[in-house]
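J.: Could you have a look at this structure, given as structure tokens, before my questions?
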Amino acid sequence: MKKLFSAVFLLLFITALSGQELPTEINGYKFNVLKKIGATDVKNQFKSGTCWVYSTNSFFESELLRMGKGQHDLSDMFIVRAGYLDRAENYLRRQGATAFGQGAENHDVLNLIRKYGLAPQTVYSGFPAGQDKPVHGEMEAVLKSILDALNKLPEGKLSPQWKKAYAGALDGYMGAPPESFTFAGKQYTPQSYFQSLGLNLDDYIVLTSFTHHPFYKPFVLEVADNWSSGNFYNVPLDELCQTAENAVNKGYTVTWATDVSEKTFSAKEGLALLPAKGWDDMSAGERDSLWKMPAKEKLVSAEERQMAFDELTTTDDHGMHIVGMVADQAGTKYFTVKNSWGTVKKEMGGYLYVSMPYFRFKTMSIMVHKDAVPTGVRQKLGM
């Protein structure tokens with residue numbers, strides 16, 4: 001997931017989305033709120049392909065709210081920097097025959113937390129001096145050029161100094177994180193801070209649904225941003241959708257990796273839809289009315305979904321965070337989704353409503369707490 005864009009309960013349910021009330025009407029759409037789960041403020045990944053971190057950290061911030069741990073603002077760039085260190089080793093071991101870029105997957109955040117820990121945003125921003133948002137294009141180009149030069153083995157082999165030189169370039173852009181820090185009056189290292197939060201990373205599972213692998217087994221999803229070759233548990237499409245809805249109904253949020261290349265995904269309109277009639281077959285008037293009033297949507301089959309993946313019309317574009325559910329006046333359900341593109345549609349404040357048909361068709365994967373997985377699915381997975 002690397003889409004670039006410039007621009008729960010404390011013992012009781014937390015029903016406010018960071019104190020922000022989302023609109024119950026968008027043009028001719030009228031929404032009934034079915035579920036709201038606690039979430040922290042919307043951030044802006046700006047000119048960086050770091051949605052995988054923003055969505056996962058947002059997920060863990062909601063988990064901490066749900067667990068009664070209070071509100072936390074986790075450093076996104078602390079994980080991004082750690083990812084560049086591990087990605088560099090992987091790239092050199094494979095002699096450049098793998099992806100090196102800004103994107104990654106939600107499970108990469110879990111792996112990096114285990115190895116490097118966590119830091120609060122106030123302790124490590126990872127932004128260059130004078131900036132308050134990430135800009136990573138030049139940094140990525142410089143880091144990759146270093147690795148490509150090293151892959152040519154100019155001295156016949158890699159020297160032990162390459163890691164120090166590479167990390168120096170990385171820290172020139174992001175700054176070096178502290179080995180220890182004081183936060184809320186206590187002294188921590190990144191590992192002890194992570195331990196203090198009480199998150200058990202073994203409680204989380206990543207699910208997907210594709211027919212080219214057997215169900216109820218893990219497999220390595222074949223997308224470029226899965227650079228670490230992480231496993232995804234494969235379940236039938238209906239059970240993937242059931243799991244996401246069950247999680248929200250039980251007060252758990254969900255990370256959502258998806259394709260956002262469809263013309264019917266619009267952060268500007270605050271909606272993601274899957275109309276029964278294809279975009280290219282619509283008149284200009286029909287396209288305009290799509291955003292003004294609910295219309296019949298298409299419920300795709302597993303075969304149609306697989307075909308779109310095989311044809312590369314469904315790709316691993318972006319990661320977001322599902323924090324609730326609404327229904328329109330026609331009865332169609334939508335997930336309430338927290339994005340990381342800042343405020344695009346003012347009244348939505350960085351959120352959008354994603355219809356269940358769109359979710360069913362374009363989801364690449366989800367990550368949920370294991371307790372949010374329906375019992376029947378858990379049993380089939382051997383959990």
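J.: Please list, ordered by residue number, the helices (runs of 4 or more DSSP H) wholly in the stretch 278-383 having 2 or more residues that are surrounded by fewer than 14 Cβ atoms within 10 Å (Cβ to Cβ).
T.: 284-290, 302-310, 375-381
J.: Examine the stretch 150-170 for a residue that is of a type in the set (D, E, K, R), more than 27 Å from residue 223 (Cβ to Cβ) and not in a loop (DSSP other than H, G, I, E, B), and state whether such a residue exists.
T.: yes
J.: Can you name the number of the only condition in (1) more than 28 Å from residue 158 (Cβ to Cβ); (2) at pLDDT 95 or above; (3) among the polar types (S, T, N, Q); (4) surrounded by fewer than 24 Cβ atoms within 10 Å (Cβ to Cβ) that residue 95 fails?
T.: Every condition holds for residue 95 apart from (1).
J.: What are the pairs, 6+ residues apart or on separate chains, where a residue within the stretch 216-227 that is over 13 Å from residue 108 (Cα atoms) has its Cβ under 7 Å from a residue that is of a type in the set (D, E, K, R) and in a loop (DSSP other than H, G, I, E, B)?
T.: 223/316
J.: Residues being of a type in the set (Val, Ile, Thr) and within 15 Å of the chain's Cα centre (by Cα): count how many of those fall in the stretch 242-257.
T.: Within the stretch 242-257, residues that are of a type in the set (Val, Ile, Thr) and within 15 Å of the chain's Cα centre (by Cα) number 3.
J.: From (1) out of contact with any Pro (no Cβ under 8 Å at 6 or more places or on another chain); (2) crowded, with 22+ Cβ neighbours inside 10 Å; (3) part of a helix (DSSP H, G or I), pick out the condition that doesn't hold for residue 89.
T.: Status for residue 89: all satisfied but (2).
J.: Among 55, 62, which is within 17 Å of residue 134 (Cα to Cα), within 20 Å of the chain's Cα centre (by Cα), small (Gly, Ala, Ser) and surrounded by 17 or more Cβ atoms within 10 Å (Cβ to Cβ)?
T.: 55
J.: If you don't mind, another one. Does residue 188 count as touching a Leu at 6+ places or on another chain (Cβ under 8 Å) and surrounded by 12 or more Cβ atoms within 10 Å (Cβ to Cβ)?
T.: No; evaluated as a whole, the condition is false for this residue.
J.: Next question, about the same structure. How many of the residues in the stretch 190-206 are touching a Ser or Thr at 6+ places or on another chain (Cβ under 9 Å) and closer than 24 Å to residue 134 by Cβ?
T.: 1
J.: Then there is this: Would you be able to tell me the number of residues in the stretch 111-140 that are part of a helix (DSSP H, G or I) and charged (D, E, K, R)?
T.: Residues meeting the conditions: 4.
J.: Continuing with this model, one more query. Residues 194, 183, 232, 219: which one is in contact with an Asp or Glu (Cβ under 9 Å, 6 or more places away or on another chain) and either modelled with pLDDT under 95 or not hydroxyl-bearing (Ser, Thr, Tyr) (or both)?
T.: 232
J.: Taking interchain pairs and intrachain pairs at least six residues apart, which have beta carbon atoms under 9 angstrom, with the first residue in the stretch 118-144 and at pLDDT below 95 and the second exposed (fewer than 14 other Cβ atoms within 10 Å of the Cβ)?
T.: Going by the 9 Å Cβ cut-off, the qualifying pairs are 128/172.
J.: Six or more apart or on different chains, Cβ under 8 Å: which pairs go from a residue in the stretch 91-112 that's at positive phi to one that's surrounded by 17 or more Cβ atoms within 10 Å (Cβ to Cβ) and outside any loop (DSSP other than H, G, I, E, B)? Could you list them?
T.: 96/147
J.: Name every residue in the stretch 112-148 that is among the small types (Gly, Ala, Ser) and either under 25 Å from residue 99 (Cα atoms) or out of contact with any Ser or Thr (no Cβ under 8 Å at 6 or more places or on another chain) (or both), in order of residue number.
T.: Result: 117, 126, 129, 130, 137, 141, 145.
J.: With the condition kept exactly as written, say whether any residue in the stretch 267-277 is surrounded by fewer than 20 Cβ atoms within 10 Å (Cβ to Cβ) and within 30 Å of residue 135 (Cα to Cα).
T.: Yes; the residues of the stretch 267-277 include at least one that is surrounded by fewer than 20 Cβ atoms within 10 Å (Cβ to Cβ) and within 30 Å of residue 135 (Cα to Cα).
The values are calculated or read from the model by the stated rules, or taken from the named source; none is laboratory data. Remember, it's a predicted structure, so these values are computed and weren't measured experimentally. Reconstructed Cβ throughout: ideal geometry from the backbone, glycine too, with neighbour counts over all protein chains shown.
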